[in-house]
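Here the structure is laid out as structure tokens; the discussion comes afterwards.
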């Protein structure tokens, strides 16, 4: 079965969302109206609707750090993760958790970074040498 993940959530400013998701993250824009816009978020469909973003709290434990919950994210192969990290850094993105590696030389080794979109929605991007190792423990 082939499937795509779909997530719809609120942003406060569609133009700022377009600049961030399309310009900074490099996501292709899809359909839109004056109240929402779709993006191809690394192969999955995001529908961003104008409105009040969901509330988050820093209750997710990642190592010694507390990160925003809930959050959305994506898992990329390491070269794509590295390229995206460079794009975000070049754009001056303020990171909740800057790009770094966790579980180095262990099963589940992964690179991760947390940041927020212009409306404050938290995003985590993970990188793995192979997507086949995402569930290794």
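At-a-glance table
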item	result
Cα gyration tensor shape for the range 1-79, rounded if a/c is under 1.5, else prolate or oblate	oblate
Per-residue [θ]222 nm for the chain (sum of -39500 (n - 2.57) over DSSP H runs n ≥ 4, rounded to 500)	-3500 deg cm²/dmol
Volume per residue that the Cα convex hull of the range 58-133 spans, once the total is divided by residue count, Å³	88 Å³
Residue order, fewest to most beta carbons within 10 Å, for 101, 37	101, 37
P(r), alpha carbons of the range 6-50 - 10 Å bins starting at zero, rounded %	33, 63, 4
Antiparallel bridges, percent of DSSP beta bridges restricted to the chain (to nearest 5)	70 percent
Cβ-Cβ FRET estimate between residue 7 and residue 135, R0 fixed at 22 Å, reported to 0.05	0.55
Ranking of 47, 130 by count of other Cβ atoms within 10 Å, fewest first	130, 47
FRET efficiency, residue 104 to residue 75 (Cβ-Cβ, R0 22 Å, nearest 0.05)	0.80
Using alpha carbons only: equivalent-ellipsoid semi-axes of the chain, gyration tensor based, whole Å	25, 17, 14
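Bear in mind these aren't lab numbers, they're just calculated from the coordinates by the rules spelled out. No experiment lies behind these values; they were computed from the predicted model shown. Here the Cβ is made from the backbone with ideal geometry for all residues, glycine too, and neighbour counts use every protein chain on show.
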